[in-house]
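Reviewing the structure listed below.
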Amino acid sequence: MSPPRFKTGVEGLDEVIANTNEAIRQVENRTMSGLIRAVAMLRKDMDKVAPKIPVDTGNLRASWFVTTSRGSTPAGNSPRFKRTRSVKTGAGTVEEPVDIERLVKGHAQTLAEARAIMEAAPMSQEAISFGFGAYYALYIHEKMNAKFKRRGAGPKYFQAAIRRNQVKMLALIIKEARMKEAGYALGGTGRAVRSKMKQEID
């Protein structure tokens, strides 16, 4: 999904990303639509299958981004961050402010770095970069033995989701690549051709 030079510095996570990247690089004629579909499926899975994305204010989930080698950013351009978090005290629940400035700046920086990586990707290859832009995303990801508010939430949620969905993601990308190849063979990539091939593949 990301170029091989992309590193988080986290053992295990870097490995699963590298393995996924290598498998995808082997797919000839991969398409941007296939990559985006695979990432969309991955994102939904992180909210359905444990370990799920931890939720406190919801800002971590809101910091999800997707950017492509075509210069587009399908997700993460204008995240809606909450400015307060609910905290239980002896007197009841109060709203405390979050460091919204740091959150916005951190997300913008992460997104800019991802875009720079995508701009450096070979023009002949479709590529996509995705993740969470919150400045504390990696900290939460590696917070072992933490008790998160959300039922089913847990550490290593991103790593676990990629590993769990590698085969499904690859299958989606291959399916789109086969549809693209069939479109070329039949003299076009129009909606009718894609629809026909989708029925045959399914």
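Only one of (1) on the phi > 0 side of the Ramachandran plot; (2) in contact with a Pro (Cβ under 6 Å, 6 or more places away or on another chain) fails for A121. Which number is that?
The failed condition is (1).
Looking only at segment 37-52, decide whether some residue is over 18 Å from A160 (Cα atoms) and part of a loop (DSSP other than H, G, I, E, B).
No, that holds for no residue.
Please go through segment 119-159 and give me each residue that is in contact (Cβ under 8 Å) with a residue 60 or more places away in the chain and in a helix (DSSP H, G or I), ordered by number.
A137, L138, I140, H141, Y157, F158, Q159
Kindly indicate whether any position in segment 14-24 is of a type in the set (S, T, N, Q) and under 18 Å from G133 (Cα atoms). Walk me through it before giving the result.
Our first condition is that a residue be of a type in the set (S, T, N, Q); within segment 14-24, this holds for 19-21.
Narrowing further to those that are under 18 Å from G133 (Cα atoms): none.
Checking segment 14-24: not a single residue is of a type in the set (S, T, N, Q) and under 18 Å from G133 (Cα atoms).
Of all residues in segment 102-157 being of a type in the set (S, T, Y) and within 15 Å of P79 (Cα to Cα), which is surrounded by the fewest Cβ atoms within 10 Å (Cβ to Cβ)?
Y135
Search segment 70-106 for residues being outside any loop (DSSP other than H, G, I, E, B) and within 22 Å of G154 (Cα to Cα), and hand back the single one that is farthest from the chain's Cα centre (by Cα). Steps first, please.
Just the residues of segment 70-106 that are outside any loop (DSSP other than H, G, I, E, B), to begin with: 75, 84-89, 92-97, 100-106.
Checking which are within 22 Å of G154 (Cα to Cα) leaves us with 85-88, 103.
On the way: R85: 25, S86: 27, V87: 29, K88: 32, L103: 18 Å.
Checked segment 70-106; the qualifying residue farthest from the chain's Cα centre (by Cα) is K88.
When the residues of segment 53-69 are narrowed to those that are in a loop (DSSP other than H, G, I, E, B) and touching a residue at least 40 places away in the same chain (Cβ under 8 Å), which ends up nearest to the chain's Cα centre (by Cα)?
S63
We did not get these values from a lab; they are worked out from the coordinates using the rules stated. Predicted model only: the values in this text are computed from it and were never measured. In this analysis, Cβ positions are derived from the backbone assuming ideal geometry, glycine residues included, and neighbour counts consider all displayed protein chains.
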